[in-house]
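The values are calculated or read from the model by the stated rules, or taken from the named source; none is laboratory data. Just so we're clear, the structure is a prediction, and the values are computed from it rather than from any experiment. Heads up, the Cβs are rebuilt from the backbone with ideal geometry, glycines too, and the neighbour counts pull from every protein chain shown.
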Amino acid sequence: MAMTSIDGDVQNLPEKYQEFYHTIIKFVPVTRIFADPIRTLAYGIDASFYRLLPKLIIKVNTPEEMGGILKVASSLKIPVTFRAAGTSLSGQSITDSVLLFATQGWSKYSISEGGERIALQPGIIGSDANDYLKPYARKIGPDPATINNAMIGGIAANNASGMCCGTADNSYKTVADMKIIFADGSMLDTADPVSCKAFSKTHPMVIQGIEQLRDEINNNNELKELIRRKFKIKCTTGYGINSFVDFHDPFDIIKHVMIGSEGTLGFITEITYKTIIDHEYKASALIIFPDMNTACLAVMKLDRQLVSAAELMDRAALRSVEEETGMPSYLKTLTPEAAALLVEVRAETKDQLRSLMDGAKTCLASIPTVLPITFTDVKHEYEQLWHIRKGIFPAVGGMRKPGATVIIEDVAFPRERLAEAILELRAVMDKYNYADGIIYGHALDGNVHFVVTQKLDTAQEVQRYKSLINDVCQMVVDKYHGSLKAEHGTGRNMAPFVELEWGKVAYELMRKLKQVFDGDHILNPDVVITENQLLYLQNFKPMPMADDIIDKCIECGFCEINCPSKNLTLTPRQRIVVQREIARLKLTGENPERLKRLEEDYRYFGDETCATDGLCSTSCPVGINTGEYTKKQRAQAMGDNGKSIGRLIHQNFSFVTTIARLGLSTASVAHSILGTTLMGGITKGLRSLSGNHMPQWNEYIAGAGHTPDPSRTKAGVPGRKVVYFPSCVSRTMGGAASGDKDQRQLSAVMIHLMEKAGYEIIFPRDMDKLCCGMPFESKGLFETANNMSSELEQALMACSNDGEYPIVCDTSPCIYRMRKVMNKKLKMFEPLEFIHDYLMDKLEFTKGPETVAVHVTCSSTKLGLKEKFRKVAESCATTVVMPAKVRCCGFAGDKGFEVPELNESALAELKDCLPADCSAGYSNSRTCEMGLSHRSGISYQSIVYLVDRCTVSK
Ligand SMILES: Cc1cc2nc3c(=O)[nH]c(=O)nc-3n(C[C@H](O)[C@H](O)[C@H](O)COP(=O)(O)OP(=O)(O)OC[C@H]3O[C@@H](n4cnc5c(N)ncnc54)[C@H](O)[C@@H]3O)c2cc1C
Ligand code: SF4
Ligand code: SF4
């Protein structure tokens, strides 16, 4: 890795930032501070359409560090911005000063009162919090659409909400207590009377300030009324000053006003939520109305006693998804005026659910609909309906013109005026030529989103956007007395309009509130409160074209959670951001030095540490596989030289696998002589001498594999034939590692198991020369990869009787590629699915009283095998652990040898996720298993070992 030391970059910073840096490195390790171009750019991005480049980024790990950093920042008057998952849309989590990440290391939680309370640190992902609460059939109240990505710090600081929580179960309504660090580094725990007392003593001015604001508001009836009225609907414009009306005690006010304060008043180190019931039974109906007015009439009849969600979609929104696979065909036949409402009911029992469905139908009986109202409680059916709703925003993003930005606005109107307001909103959009814009939203809360796409690279386009926003602001505020931001937070986007929405008196109070907590404006300045009336038109994110594969990226960050390199180098979103900046710099010719550094550093940060597993595509709303992009780049970098090497390996494949086998046999012999410690030490030294090209040995490095002898297999039950293709990985590395539990060869266990189930095994001819091409594809050697897979395809066609017999390959990533590129006639399986679909009914399982871990590889995840994995493993062991937090292992074929730190970082949490009595781990890819064993300290082998051990023939 060729990186300049941080000191070089720090020297280029303004003097006070240098002083800041030299002070904080006394208590924050320098390895968690970044000032280089690639990381300040990539880590600095959020999901909004604004961009700022931070000068310094710090991954903060503890409250003590955070307190210390804030103290130094305060004394030097250096602005800081807190960062959780960076999915904010209004520009509130970006800065050109210091960005403080509170993600890794902020994941502790505790559950109390039988699941009715949960205390969460800010780096916990919302859906993980809900997973922790599952055993209690409870969940947290806030439910933004980003719950699988957004973190508690961001959810609370934005007062984020979603389809069901409305204004009743958001963070404001469900916060019980909070631990906070203020701008001067002081800490407060609102649950601890001692802490509150101490805070009152050390910060009398804060307490007085709060009390004065409270009294000022409560003595002004008009203001009190305004506050009450505005918070009847969703509102995240400005501060949550309802805290001063709803509460009297200063500490109650403080913990509530922190909600929705977007990191401008203090840092939340822990929040305790009152949890809500997670209903077991759900049903949904997609109700189509002849027009928007009728749909809104229906909304007026519904309430949360009856339905938990009612999502409104205009015709343009429905049109954006109607071509997608699985969408109901009637969508295409709707008239241009039609509108839809997606309604959900939830209950604790089936009977209650039925009565809610009936209730909703009765309640809407007088409202004309295009089709009769039909609810479904069949999981995959109602999930399909929600797929329509969830697909709308990405569909617009995916269809936008090259170089255009997606802008999502978030307004709320009083529910009784929703129909009128939506029609007017559409007229405003049409007036400024946003005909492709769509409107949808959380109708029960009067909250609608409108999404438009446009370029923001010319003065005319910026003016067009300005006109749209100004008209929308006038309409929402003056005519409908609504909210300019209902749930996405004020950010930089609406900060210039807070006064317009709230009026002079309330805005002045908000300014005073900021003054009470952060007189020097060091906490996220300009967000919520700003003097800059043009802020919403400044610092737009550039959207240059970089490559077809990644151009559709909307920088939402949904892909980040799955990426094995997320804590080591870059996430998929960050890779794309860097590539966009490289493309922009190339296009403009601006700053060649910066371009050179970005290109150089990308080699390690973007390319070498990308596992090309493609797991990012599984959560990307526009389906981007950044791994494919990495492979394409590798192919381009390889050039003709690489292609020639690929051809040479292809022609001598059998020889190459023999050499690899020899290497592993030698290592195994050396280990038996030298022992684990000495062997590890020697290979570490050799790896360092080789410039990290030689693999580091460990006791879980596989032993040499072998190619099975086709003449030694048995006859099977008539009619049971299977083709077994041992992958080149198992032929070279299918031997057990010295630390493995079962010392048999993988291919031997495969054969034993299949024969036990009565199968006659057929092998392809010339197995030693065959390979699916996967190792070549990941290196960008597409030609060699395709040639190899074609040869294998022919061999499999021949020995499977033209696709009649099932084919099993012992390595899951190989099957993933084979299914992708080979003739669909071939019925191909990796071991787990073959066991599940073909062997389970032919074998007698005996469950062992043990705890085993299971790792579902990326390819198995993409093939949707998780539940089959669970079922097979649960037939063999009493307790099966499948740690949800452990996703791609980052071993990625040979990456685990070349860049072991990727595997180390990806599996950093594995050990802690495994119970002490976990005796072994199982998966279905030999290389992944090596990495898993090494990082967990327990032996991981193929699932076939477990099944073979626990079964006898029927
Ligand atoms: C496609 C898409 C859909 C979305 N849908 C919704 C939706 O349905 N509902 C909704 O409400 N939002 C939605 N959002 C917006 C966003 O996802 C949410 O507001 C989310 O809660 C932000 O969380 P985060 O972890 O990404 O926070 P970040 O973006 O990292 O930070 C959010 C704010 O919190 C501050 N902050 C972070 N941590 C702390 C802390 N510990 N203490 C104090 N301040 C802190 C930051 O400075 C920033 O101001 C959507 C975004 C996208 C991209
Ligand atoms: S790659 Fe996909 S998931 Fe990731 S930021 Fe881009 S659009 Fe979002
Ligand atoms: S392919 Fe894997 S490592 Fe590469 S960006 Fe996607 S998730 Fe990350």
TODO: State which residue pairs qualify: first residue within 20 Å of residue 552 (Cβ to Cβ) and at pLDDT 90 or above and inside region 626-641, second residue polar (S, T, N, Q) and part of a helix (DSSP H, G or I) in any location, beta carbons under 9 Å apart, and separation of 6 or more residues or different chains.
DONE: 626/617; 627/617; 627/778; 628/617; 629/579; 630/778; 631/778; 633/579
- [ ] Might you check whether a residue that is under 16 Å from the mean Cα position of the chain (by Cα), within 15 Å of ligand 2 (Cβ to nearest atom), buried (at least 17 other Cβ atoms within 10 Å of the Cβ) and closer than 14 Å to residue 573 by Cβ occurs anywhere in region 600-616?
- [x] yes
TODO: Name the one entry in 566, 586, 541, 552 that is farther than 30 Å from residue 513 by Cα and modelled with pLDDT under 95.
DONE: 552
TODO: Mind counting the residues in region 364-398 that are among the aliphatic types (A, V, I, L, M), away from ligand 1 (no atom under 15 Å from the Cβ), touching a Ser or Thr at 6+ places or on another chain (Cβ under 9 Å) and part of a helix (DSSP H, G or I)?
DONE: 1
Open item on the list: I'm trying to understand the selection: among the residues of region 537-563, which are within 16 Å of ligand 1 (Cβ to nearest atom) and part of a loop (DSSP other than H, G, I, E, B)?
Closed with: 539, 541, 543, 552, 553, 554, 555, 556, 557, 558, 559, 563
TODO: Would you mention how many residues in region 576-631 are of a type in the set (Ser, Thr, Tyr) and away from ligand 3 (no atom under 16 Å from the Cβ)?
DONE: 1
Open item on the list: Just to be sure before I move on: is residue 599 under 30 Å from residue 145 (Cα atoms) and among the charged types (D, E, K, R) in the structure I sent?
Closed with: no
Task: Residue selected from region 102-124 under the condition assigned to a strand (DSSP E or B) and surrounded by fewer than 22 Cβ atoms within 10 Å (Cβ to Cβ), by the criterion nearest to the chain's Cα centre (by Cα) - done: 109
- [ ] Look at region 19-46 and say how many of its residues are touching a residue at least 12 places away in the same chain (Cβ under 8 Å) and either of a type in the set (A, V, I, L, M, F, W, C) or under 19 Å from residue 61 (Cβ atoms) (or both).
- [x] 17
Open item on the list: Need the failing condition index for residue 261 against (1) polar (S, T, N, Q); (2) surrounded by 24 or more Cβ atoms within 10 Å (Cβ to Cβ); (3) more than 30 Å from residue 206 (Cα to Cα), just the number.
Closed with: (3)
Task: From the options 585, 568, 537, residue that is without any contact (Cβ under 8 Å) to a residue 60 or more places away in the chain and away from ligand 2 (no atom under 16 Å from the Cβ) - done: 585
Open item on the list: Among the residues in region 564-576, are any more than 16 Å from ligand 1 (Cβ to nearest atom) and aliphatic (A, V, I, L, M)?
Closed with: yes
- [ ] List every residue pair whose Cβ atoms lie under 6 Å apart, where the two residues are 6 or more positions apart in sequence or sit on different chains, the first residue falls within region 903-916 and is under 16 Å from residue 107 (Cα atoms), and the second residue, located anywhere, is in a helix (DSSP H, G or I) and of a type in the set (S, T, N, Q).
- [x] 910/936; 911/936
- [ ] From the list 184, 177, 169, pick out the single residue that is at pLDDT 95 or above, touching a strand residue (DSSP E or B) at 6+ places or on another chain (Cβ under 8 Å) and assigned to a loop (DSSP other than H, G, I, E, B).
- [x] 169
Open item on the list: I'd like the full set of residues that are touching a residue at least 40 places away in the same chain (Cβ under 8 Å) and either farther than 21 Å from residue 246 by Cβ or surrounded by fewer than 18 Cβ atoms within 10 Å (Cβ to Cβ) (or both), limited to region 201-211.
Closed with: 205
TODO: Just give me the residues in region 880-902 being β-branched (Val, Ile, Thr) and either in contact with an Asp or Glu (Cβ under 7 Å, 6 or more places away or on another chain) or free of Cβ contacts under 8 Å to residues at least 12 places away in the same chain (or both), in sequence order.
DONE: 880, 886, 899
TODO: State the number of residues belonging to region 22-46 that are outside any loop (DSSP other than H, G, I, E, B), farther than 27 Å from residue 900 by Cβ and under 31 Å from the mean Cα position of the chain (by Cα).
DONE: 2
